[in-house]
Amino acid sequence: MTGVSLHGETPGRGLAADLLISLRPDQWTKNLVVFAGLVFGEQLLEPGAVARAGGAFGIFCALSSAMYLVNDVGDRARDRLHPLKSGRPIAAGRVSPASALGAAVLLIAGAVTSAFLLEPRLALLALVFVGVLILYSRVLRQVVILDVLAIAIGFVLRAVGGAVVIDVRISQWLLVYTLLLALFLGFTKRRQEVGALGADVTKHRPTLGRYTPQLLDQLVTVLAAATLVSYAVYTTSAETVEKFGTELLTLTIPFPIYGVLRYLMLVHDKATGTGPADILLHDRPLALCVAGWALSVAIIIY
């Protein structure tokens, strides 16, 4: 029979499994934005560029997992009051704060070192990424609007990192689209959290009490429209047409329209507090929409 340590950890495979769960590999899909530079920089058929972009993806997966560990340590008391987060290994006491923080330091050190070996500018972006998320964890998450904006900036840094590591220029409109899409997803997640926690919302995080359902619905509506318009502008701009030598990218516009509307429907139908990655992984029509968009873009560009 397996014993339990004084810190509430299960030794051996139990601790390793709980640490792996705490890294949240199911959330690594958020780092796929790293490959935007590879696709839109017309490097998808270059093995060397694919390998370097894959390395950048792994680096940002390690960094984001490290920050999940740091956040879970800081939030463990509040997470125990949450209907879903109370089952997380750190909140449940199966992984000690010391073990989690030690793993986070190792992940950050390994990721930044790997980034420097790949491309020194990527290492700088990695440090900025960590700095922004630490600032979010310590300060910005308590500030309305800025809490979501900080997370959205993290997505932009991922996109820039993916372009830097293969030395391609990424369209400013594409970065604007990334920022707006990340803000849209961030505020829809806040909408889910407020809906799921109800009257207990301030017990989990006081900032959430400042977000009313009505305010969040307005923010989500504005950002949904802005996201779709920014993508339409990018695909129809003279710069994009000249770069790829085709106007056919406009044919991909229905994919984000369906994706955004489908996502909004799911958010209002399932106010369970689950995040964008969970919805994407579990909703087949939405996953097929994303896959169809990616395939269509690849066929048109290449």
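Residue-by-condition table, conditions (1) among the aromatic types (Phe, Trp, Tyr); (2) modelled with pLDDT under 95:
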residue: 147; (1), (2): no, yes
residue: 155; (1), (2): yes, no
residue: 158; (1), (2): no, no
residue: 170; (1), (2): no, yes
residue: 173; (1), (2): yes, yes
residue: 189; (1), (2): no, yes
residue: 193; (1), (2): no, yes
residue: 203; (1), (2): no, yes
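In this structure, residue 280 does satisfy being closer than 30 Å to residue 208 by Cβ and either part of a helix (DSSP H, G or I) or touching a residue at least 24 places away in the same chain (Cβ under 8 Å) (or both).
Return yes or no: is residue 256 under 21 Å from residue 179 (Cβ atoms), touching a residue at least 60 places away in the same chain (Cβ under 8 Å) and in contact with a helix residue (DSSP H, G or I) (Cβ under 7 Å, 6 or more places away or on another chain)? Give the derivation first.
On the way: under 21 Å from residue 179 (Cβ atoms): yes; touching a residue at least 60 places away in the same chain (Cβ under 8 Å): no; in contact with a helix residue (DSSP H, G or I) (Cβ under 7 Å, 6 or more places away or on another chain): yes.
No: the conditions fail for residue 256.
Screening the candidates 220, 241, 229 for the property of being in a helix (DSSP H, G or I), touching a residue at least 24 places away in the same chain (Cβ under 8 Å) and of a type outside the set (Gly, Ala, Ser) yields one hit, 220. Answer yes or no as to whether residue 279 is at pLDDT 95 or above and not assigned by TED's automatic domain parsing to the domain that holds residue 37. No.
I'd like to check something: does segment 115-125 contain any residue that is modelled with pLDDT of 95 or more, over 18 Å from the mean Cα position of the chain (by Cα), not hydrophobic (A, V, I, L, M, F, W, C) and not in a helix (DSSP H, G or I)? Checked segment 115-125: at least one residue is modelled with pLDDT of 95 or more, over 18 Å from the mean Cα position of the chain (by Cα), not hydrophobic (A, V, I, L, M, F, W, C) and not in a helix (DSSP H, G or I).
Would you be able to tell me the number of residues in segment 40-51 that are surrounded by fewer than 21 Cβ atoms within 10 Å (Cβ to Cβ) and either closer than 19 Å to residue 119 by Cα or in contact with a helix residue (DSSP H, G or I) (Cβ under 6 Å, 6 or more places away or on another chain) (or both)? First the steps, then the outcome.
Step one: filter segment 40-51 for residues surrounded by fewer than 21 Cβ atoms within 10 Å (Cβ to Cβ), giving 42-51.
Next, only the ones that are either closer than 19 Å to residue 119 by Cα or in contact with a helix residue (DSSP H, G or I) (Cβ under 6 Å, 6 or more places away or on another chain) (or both) stay: 43-44, 46-51.
Residues in segment 40-51 being surrounded by fewer than 21 Cβ atoms within 10 Å (Cβ to Cβ) and either closer than 19 Å to residue 119 by Cα or in contact with a helix residue (DSSP H, G or I) (Cβ under 6 Å, 6 or more places away or on another chain) (or both): 8 in total.
In segment 55-108, how many residues are surrounded by fewer than 18 Cβ atoms within 10 Å (Cβ to Cβ) and among the charged types (D, E, K, R)? Adding up the residues that qualify gives 2. Is it the case that residue 166 is modelled with pLDDT of 95 or more, among the β-branched types (Val, Ile, Thr) and not in a helix (DSSP H, G or I)? Here the answer is yes, as residue 166 does meet what is asked. For segment 238-261, the set of residues classified as surrounded by fewer than 15 Cβ atoms within 10 Å (Cβ to Cβ) and farther than 22 Å from residue 287 by Cα consists of 238, 239, 242, 245, 246, 247, listed by residue number. Taking the criterion of being under 23 Å from the mean Cα position of the chain (by Cα) and surrounded by fewer than 13 Cβ atoms within 10 Å (Cβ to Cβ), the residues of segment 205-228 that qualify are 206, 213, 218. Scanning segment 81-114 for residues that are of a type in the set (S, T, N, Q) and not in a helix (DSSP H, G or I) turns up just one, 96. Scanning segment 83-122 for residues that are touching a residue at least 12 places away in the same chain (Cβ under 8 Å) and of a type in the set (S, T, N, Q) returns 96, 99, 114.
The values are calculated or read from the model by the stated rules, or taken from the named source; none is laboratory data. On a predicted model such as this, the values are computed, not experimentally measured, just so you know. Cβ sites come from the backbone with ideal geometry, for glycine too, and all protein chains shown count toward neighbours.
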